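Values in this text are rule-based calculations from the coordinates and carry no lab data. Remember, predicted model here, so these are calculated numbers, not experimental data. We place every Cβ from the backbone using ideal geometry, glycine too, and count neighbours over all the protein chains shown.
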Amino acid sequence: MKIIVGEVGWPTDGDKHANIQNAKRFNQGLLRHALSGEGTPARVGIIDIYLFSLIDENAKSIEPGSFERHWGIFEFDGKPKYELDLSGIEAQKGLIAVEGVRYMVKRWCVLNPNVKDWEGLAYSVDYACSLSDCTALEYGSSCNQLSAEGNASYAFNMYYQMNSQKSWNCDFSGMAVVTQEDPSYGSCQFPVMIDYTSSSSSSSSSSSSSSSSFLDLLVAGFMGFLVFLFLE
């Protein structure tokens, strides 16, 4: 009977043990062993596996843990999170980023520095996080080192970005303001999301092909896995 490993991988955020270094070490070691032919003591040979997963899923349930949204080997926009040799033989052939991705305007929503009365701030942050993705703020995660003000700015920005940068989505009773200055700090990135509304009518054929490839990437990612069929 043929055995296939149905789902295996390592998350990159949302937990103190979920980071890029651990994910790269685990996945690269996994691929190297799967393709080595050593198999297991009872089943020698190349192992067929489904590597979980292609891209992050920022709307996935986090009931098992905040790391659930960070299993991808690619960022949400198709950029590789780390180098990964899929051949398993250290051929120095890394992952390739998706081309032609269009982003929204480089602007961010942050806590208004002129606001002195923070009454209602906790409620606003909770509201923003409940309708976006604040898992990077969890203990041990990439944005865990932010101050209270930084946490609020991160929450406001995620809500703002995931709601298409509409002006009314960066208000929070006057506690938020739009800025052109990137508030990213250290390992904590304040993202600017993909512009899904941009017209592609003037795009070249190569740009259209890139867009099509990216859509394929998204579809595969939301299926929750990337299939690697390693045939003998």
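Put +1 on the Cβ of each Lys and Arg and -1 on the Cβ of each Asp and Glu in segment 1-49; which of Leu35, Ala23, Met1 then has its Cα farthest toward the positive end of the dipole?
Of Leu35, Ala23, Met1, it is Leu35.
In debye to the nearest 20, how big a dipole does segment 66-195 give about its Cα centre with +1 on each Lys and Arg Cβ and -1 on each Asp and Glu Cβ? Intermediate results must be reported in sequence, preceding the final value.
Details: 9 positive and 17 negative charges, 53 e Å.
Computed about the Cα centre, the dipole is about 260 debye.
Out of Met175, Ala148, Cys109, whose Cα points farthest toward the positive end of the dipole of segment 108-179 (charges: +1 Lys, Arg; -1 Asp, Glu; placed on Cβ)?
The residue sitting most towards the positive pole is Cys109.
Scale the Cα Rg of segment 1-101 by the rule-of-thumb value 2.2 N^0.38 Å and send over the ratio, two decimals. Please list the in-between numbers first.
Values: Rg = 14.6 Å, N = 101, 2.2 N^0.38 = 12.7 Å.
Compared with the compact-globule rule of thumb, segment 1-101 sits at 1.15.
Based on Cβ point charges of +1 for Lys and Arg and -1 for Asp and Glu, what charge dipole magnitude is obtained for segment 108-179 about its Cα centre, in debye rounded to the nearest 20? Walk me through the numbers on the way to the answer.
Details: 2 positive and 7 negative charges, 37 e Å.
Taking the Cα centre of segment 108-179 as origin, the dipole is about 180 debye.
To the nearest 0.05, how large is the calculated FRET efficiency for Ile62 and Arg107 if R₀ is 35 Å and r is the Cβ-Cβ distance? Let's see the in-between values first.
Values: r = 27 Å, r/R0 = 0.78.
In this case the efficiency is close to 0.80.
Which distance in nm do the two modelled labels at Asn163 and Ala97 give, with both placed 7 Å along the Cα-to-Cβ direction?
The two pseudo-label positions are separated by 3.0 nm.
Rounded to the nearest 0.05, what FRET efficiency do Ile46 and Ser187 give with R0 = 45 Å and r taken as the Cβ-Cβ distance? Could you check? Show your work: numbers first, answer last.
Numbers: r = 36 Å, r/R0 = 0.80.
FRET efficiency, Ile46 to Ser187: 0.80.
Kindly list the residues of segment 35-70 that lie in the label zone of Tyr139, defined by a backbone N under 13 Å from the point 7 Å along the Cα-to-C-beta vector.
In segment 35-70, the label zone of Tyr139 (backbone N under 13 Å from the point 7 Å along Cα→Cβ) covers 66.
What aspartates and glutamates sit close enough to Lys106 to cross-link, taking a C-alpha to C-alpha distance under 13 Å and skipping anything fewer than 8 places away on the same chain?
Glu181, Asp182, Asp195
So which of Lys2/Lys81; Lys24/Lys60; Lys79/Lys166 end up more than 28 Å apart, counting from Cα to Cα? The partial results should precede the final answer.
Numbers: Lys2/Lys81 32 Å; Lys24/Lys60 22 Å; Lys79/Lys166 25 Å.
With Cα atoms farther than 28 Å apart: Lys2/Lys81.
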